[in-house]
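The values are calculated or read from the model by the stated rules, or taken from the named source; none is laboratory data. Here the structure is a predicted model, which is why all the values come from computation and not from measurement. Note: ideal-geometry Cβ built from the backbone for every residue, glycine included; neighbour counts use all protein chains shown.
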């Protein structure tokens, strides 16, 4: 009897000790791989995003996985890395213009409000009063407090440029990680499926599928929206003859990635052109800005909802937190983690059943 009780206790303790041992090993592995964590995460994100493309290319290239991975890496360079490289190049080429603009901006005064604004029913008088207040007092002082001195901005830029070597190393490691993930994708997928099945059965596999589709949807939605909107804004800026149009388009791209949208950049450009250029230029810019408003509210949601139903709030919070912790890759990882956490809470609370998940993501 005593022996049987002792064996039962060992049977209960053994899984706990095994779990502790596995956890310690995983923590040690994470500690060892910590210097390479960002390239691994970034490479895994891009690999998940382009995995369907690899399969299509492999079928078209007579079953050659190497050729499919090669062309997929080229596609990833065009979609994810080329825009970032262009932004760095644009800012580097216009650093003197940006420094000069930052120097004169604090002393710039708003021009007098147009006469027709005061004739707008109900709100014209308030707009004129607010505009005059900003023109006389608030705007120059506010700009001086918000905008850092040009010397400081230039120093920050030089420090960023000084780390260009480390950025290139991370870029190379990301490509290596991506090639390894895509080359051995079936083994990795099989391992993840077995782990998820071991942990959660059918629900675990469905949860893994949801993580895949969410990552792909967010990555494509955020990146393609930023590229399309910034290119569209650049065309409008060139058509309206806006000074430093390429720099403003780069700012528009960054704003779209950070989930602020690009329409506000074009509206600010419209106001600038209204007071500094012929009316026709401001009218052209206004047309592009109005179209950009529609793009902000439609394009990204359209792309992402082809893969997953995720709210704008989750995307924004995840993007802000992700980019603060993981850099640019966190823009995609953050919303995915928040959405998966939201899904787990809803399922635990009974808001989503396993049958709902099967209908949403059929196997």
Tell me, which helices (runs of 4 or more DSSP H) lie completely within the stretch 92-188 with 3 or more residues that are at pLDDT 75 or above, in contact with a helix residue (DSSP H, G or I) (Cβ under 8 Å, 6 or more places away or on another chain) and farther than 30 Å from residue 71 by Cβ? 124-133
Looking at the structure I just gave you, is residue 240 buried (at least 22 other Cβ atoms within 10 Å of the Cβ), touching a residue at least 40 places away in the same chain (Cβ under 8 Å), in contact with a helix residue (DSSP H, G or I) (Cβ under 6 Å, 6 or more places away or on another chain) and farther than 28 Å from residue 334 by Cβ? yes
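Scanning for something assigned to a helix (DSSP H, G or I), closer than 20 Å to residue 217 by Cα and under 26 Å from the mean Cα position of the chain (by Cα), does the stretch 61-71 turn up at least one residue? It would help to see each step written out before you state the result.
Pass one, the stretch 61-71, residues assigned to a helix (DSSP H, G or I): 65-71.
Narrowing the set further to residues that are closer than 20 Å to residue 217 by Cα leaves none.
No.
Being loosely packed, with under 12 Cβ neighbours inside 10 Å and over 39 Å from the mean Cα position of the chain (by Cα) is the filter here, so list the residues in the stretch 114-128 that pass it. So that I can check it myself, show each step before the final result.
Kept after step one, since they are loosely packed, with under 12 Cβ neighbours inside 10 Å, are these residues of the stretch 114-128: 115-116, 119, 121-123, 126.
Result: 115, 116, 119, 121, 122.
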Quick check, is residue 219 surrounded by 24 or more Cβ atoms within 10 Å (Cβ to Cβ), in a helix (DSSP H, G or I) and either in contact with a strand residue (DSSP E or B) (Cβ under 9 Å, 6 or more places away or on another chain) or modelled with pLDDT under 90 (or both)? yes
Got at least one residue in the stretch 335-342 being assigned to a helix (DSSP H, G or I) and either at pLDDT below 65 or out of contact with any helix residue (DSSP H, G or I) (no Cβ under 9 Å at 6 or more places or on another chain) (or both)? yes
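For residue 278, indicate whether it is surrounded by 19 or more Cβ atoms within 10 Å (Cβ to Cβ) and at pLDDT 80 or above. Spell out the reasoning first.
Working: surrounded by 19 or more Cβ atoms within 10 Å (Cβ to Cβ): no; at pLDDT 80 or above: yes.
Considered against the rule, which asks whether it is surrounded by 19 or more Cβ atoms within 10 Å (Cβ to Cβ) and at pLDDT 80 or above, residue 278 comes out as no.
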Can you find even one residue in the stretch 257-264 that is without any contact (Cβ under 8 Å) to a residue 40 or more places away in the chain, over 19 Å from the mean Cα position of the chain (by Cα) and more than 19 Å from residue 84 (Cα to Cα)? no
Residue hits (the stretch 29-51; closer than 25 Å to residue 218 by Cβ and either free of Cβ contacts under 8 Å to residues at least 40 places away in the same chain or in contact with a strand residue (DSSP E or B) (Cβ under 9 Å, 6 or more places away or on another chain) (or both)) are 30, 33, 34, 37
For the stretch 279-313 the number of residues that are assigned to a helix (DSSP H, G or I) and out of contact with any helix residue (DSSP H, G or I) (no Cβ under 6 Å at 6 or more places or on another chain) is 13
Would you be able to say whether some residue in the stretch 283-293 is surrounded by 15 or more Cβ atoms within 10 Å (Cβ to Cβ), without any contact (Cβ under 8 Å) to a residue 40 or more places away in the chain and farther than 27 Å from residue 215 by Cβ? yes
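Considering each of 196, 255, 230, 269 in turn, give the residue that is surrounded by 19 or more Cβ atoms within 10 Å (Cβ to Cβ), at pLDDT below 85 and assigned to a helix (DSSP H, G or I).
Values: 255 fails: at pLDDT below 85; 230 fails: at pLDDT below 85; 269 fails: at pLDDT below 85.
Of the residues listed, the single one that is surrounded by 19 or more Cβ atoms within 10 Å (Cβ to Cβ), at pLDDT below 85 and assigned to a helix (DSSP H, G or I) is 196.
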Do we have residue 332 as part of a helix (DSSP H, G or I) and farther than 30 Å from residue 40 by Cα here? no
